[in-house]
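Everything on this sheet refers to the single structure shown next.
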Amino acid sequence: MYEGIKIEGRGTVGLITYMRTDSTRISEEARASAKKYIEAEYGKEYYENRYYKTKEDSQDAHEAIRPTYIDLVPDAIKSSLTNDQYKLYKLIYNRFIASQMSAAIYDTLAVKINADKYNFRVNGQTIKFKGFMTLYVETEDNEKKEEFANLPNLKAGQELVKEKIDAKQSFTEPPPRFTEASLVKALEEKGIGRPSTYSPTITTILARRYIEKIQKQLHPTELGRIVNKLLIENFKDVINVEFTAQMEEEFDKIAERKRTMEKSYIRILWTI
């Protein structure tokens, strides 16, 4: 999509900006186009001029991944795209537009009910203004969300009548196994790799049978456990979550002439 796809009536068009970046910066031209589209499509109350802080270790030479032309709405060019291209382009398009939309507004109510020596609590939530959620709602796999009920209008001190009590027992559970989405999120948080390397990384460890996918969850295989154990025991300096971030920091210091290659940790690694 970056290099160009033949679009009916437009010729070959690059649909997205350069994808090998994790920057959150967008051009003022793109910001103005997003404002024009949002106000025309949803109304002025749905637009919010948003700026996002770029992480210190991000590659910021290119702006954020976004649609190149706002007027190329996904559904309008769907016939020119394959099914996978359409889904990916729509995800990029909707997420970009949503990033410039107003926040959603909720009415949240927490009710405490006293019954003799017992205390009950229930949370209710209703949405007043959908904002960016009109266009895009991000789902998070394997993450528990607080449950909200649809509550009637209640007043402080109001007497309530018990209809039924649903007992619910909870147990402490281990952290859920990674899915592809949650693994990418963890890699991003720890500064390991870049957006362009996340998918190849997962593809590689699946192909080498270090992990296997069972109902969307990633499980280590026996081979993966053995290889992991050997690598950790013999290459502690390299096989750790801080390695990539440390290496990037070393490169930055060399580029800024704060450290020479001869004194760098990278040189030691390259000579092993």
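The values are calculated or read from the model by the stated rules, or taken from the named source; none is laboratory data. Being a predicted model, the structure only gives us computed values, none of them experimental. Don't worry about glycine lacking a Cβ; one is built from the backbone with ideal geometry, like all the others, and counts go over all protein chains shown.
Couple of notes before you dig in:
- Residue satisfying all of: in region 190-200; under 17 Å from ARG20 (Cα atoms) and not hydroxyl-bearing (Ser, Thr, Tyr); surrounded by the fewest Cβ atoms within 10 Å (Cβ to Cβ) among these: PRO200
- Listed by position, the helices (runs of 4 or more DSSP H) inside region 144-259 whose residues that are over 30 Å from THR126 (Cβ atoms) and among the charged types (D, E, K, R) number at least 3 are 180-189, 222-234, 243-255.
- Condition met for ILE70 (part of a loop (DSSP other than H, G, I, E, B) and under 30 Å from MET247 (Cα atoms)): no
- Scanning region 10-25 for residues that are modelled with pLDDT of 90 or more and within 30 Å of LEU187 (Cα to Cα) turns up GLY14, LEU15, ILE16, THR17.
- Number of positions in region 152-185 that are surrounded by fewer than 10 Cβ atoms within 10 Å (Cβ to Cβ) and under 32 Å from the mean Cα position of the chain (by Cα): 8
Condition check ((1) touching a strand residue (DSSP E or B) at 6+ places or on another chain (Cβ under 8 Å); (2) at pLDDT 85 or above) across all residues:
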| residue | (1), (2) |
| --- | --- |
| PRO175 | no, yes |
| GLY191 | no, no |
| LYS213 | yes, yes |
| GLN246 | no, no |
| GLU250 | no, no |
| SER264 | no, no |
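Rundown of residues vs (1) more than 30 Å from GLN158 (Cα to Cα); (2) at pLDDT below 95; (3) in contact with a Cys (Cβ under 9 Å, 6 or more places away or on another chain); (4) surrounded by 12 or more Cβ atoms within 10 Å (Cβ to Cβ), yes/no style:
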| residue | (1), (2), (3), (4) |
| --- | --- |
| GLU29 | yes, yes, no, no |
| ALA34 | yes, yes, no, yes |
| THR108 | no, yes, no, no |
| ASN119 | no, yes, no, no |
| VAL122 | no, yes, no, yes |
| LYS128 | no, yes, no, no |
| MET133 | yes, yes, no, yes |
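- From ALA40, ALA32, ALA64, residue being aliphatic (A, V, I, L, M) and either within 26 Å of GLU189 (Cβ to Cβ) or in a strand (DSSP E or B) (or both): ALA64
- Odd one out for GLU212, checked against (1) more than 30 Å from LEU109 (Cα to Cα); (2) charged (D, E, K, R); (3) out of contact with any His (no Cβ under 6 Å at 6 or more places or on another chain): (3)
- Candidate set from region 1-27 (those that are over 15 Å from TYR93 (Cβ atoms) and either polar (S, T, N, Q) or touching a His at 6+ places or on another chain (Cβ under 6 Å) (or both)); member that is surrounded by the fewest Cβ atoms within 10 Å (Cβ to Cβ): THR12
- Matching residues, region 140-151, being modelled with pLDDT of 65 or more and surrounded by fewer than 10 Cβ atoms within 10 Å (Cβ to Cβ): ASN150
Residues are listed down the side, and each one gets a yes or a no for (1) over 20 Å from LEU187 (Cα atoms); (2) surrounded by 13 or more Cβ atoms within 10 Å (Cβ to Cβ); (3) of a type in the set (Gly, Ala, Ser):
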| position | (1), (2), (3) |
| --- | --- |
| ILE202 | no, yes, no |
| LEU206 | no, yes, no |
| LYS213 | no, no, no |
| PRO220 | no, yes, no |
| GLY224 | no, yes, yes |
| ILE232 | no, no, no |
| ASP237 | no, no, no |
| GLN246 | no, yes, no |
| ALA255 | yes, no, yes |
